[in-house]
Each structure stands twice: as C-alpha cells, then as structure tokens.
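The values are calculated or read from the model by the stated rules, or taken from the named source; none is laboratory data. Note that the coordinates shown come from a computational prediction; the quantities given were computed from them, not determined experimentally. Positions of Cβ are generated from backbone atoms using ideal geometry, with glycine treated the same way; all protein chains shown enter the neighbour counts. The protein model used for the area step is the full one, side chains on, heavy atoms only, and it has no ligands, DNA or RNA in it. Shrake-Rupley method; radii C 1.70, N 1.55, O 1.52, S 1.80 Å.
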Amino acid sequence: SIQDKNALHLYSINGKYLGSETLKEEVSDMCVTGEFIVMGSLQGFLSIRDLYSLSLSISPLAMRLPIHCISVTKEYSHILVGLEDGKLIIVGVGKPAEV
C-alpha cells in the first residue's frame, strides 16, 4: 500500500515481473490454492482471483465486516472466513448441487 493505493503484484519463481492488478480494498489475508488466490479485505469482501492473470474469477462476496483470516480446506470444497466480530463463515465452493 503506497499513498492509499493497493496493488497485487505477480512474479515468477525466478523473480521475473509478470504483472499487477490495482485493488480497491485493503487486503487483510490471502491464500494461494491451486490456480487461484483467495483474498479477504478490511472492507469485508472475499475475492477469488486467477493466479496467472490476477483477474477476478467471480464478483467479490460481501461479508459486511472486516475479514481477519481465511483458509481453504484440503479438498478445496470450502473457504473458512474469520470475521472481526469472531464469527466463522463457511463458504461452499463449486456448483450449487455440489455444495
């Protein structure tokens, strides 16, 4: 975060710059799972981005409170979201029939 601007930068394992994406929210936690980046923000949004293009995979989900931590289950079936008020939100991943 530089001068109230937040950005997500992508580098290769060898340190080569691959790209960046400007963010509207302040990231509080993130988790890389497979080919996706799952991010939580202090503004209360849960975002899922493609790891290689950094573009949003779905529109951000509003949690209404600042997100303090996120985690993804081993089977990639659920996202666990810890909110500022101590609540744990469990978000199912996949098609509605699979969730």
Candidates S71, S28, S59, S41, filtered to the one that is without any contact (Cβ under 8 Å) to a residue 40 or more places away in the chain and open to solvent by less than 70 Å² (accessible area, probe 1.4 Å): S41
Flag for L83 being modelled with pLDDT of 95 or more, open to solvent by less than 60 Å² (accessible area, probe 1.4 Å) and in contact with a strand residue (DSSP E or B) (Cβ under 9 Å, 6 or more places away or on another chain): yes
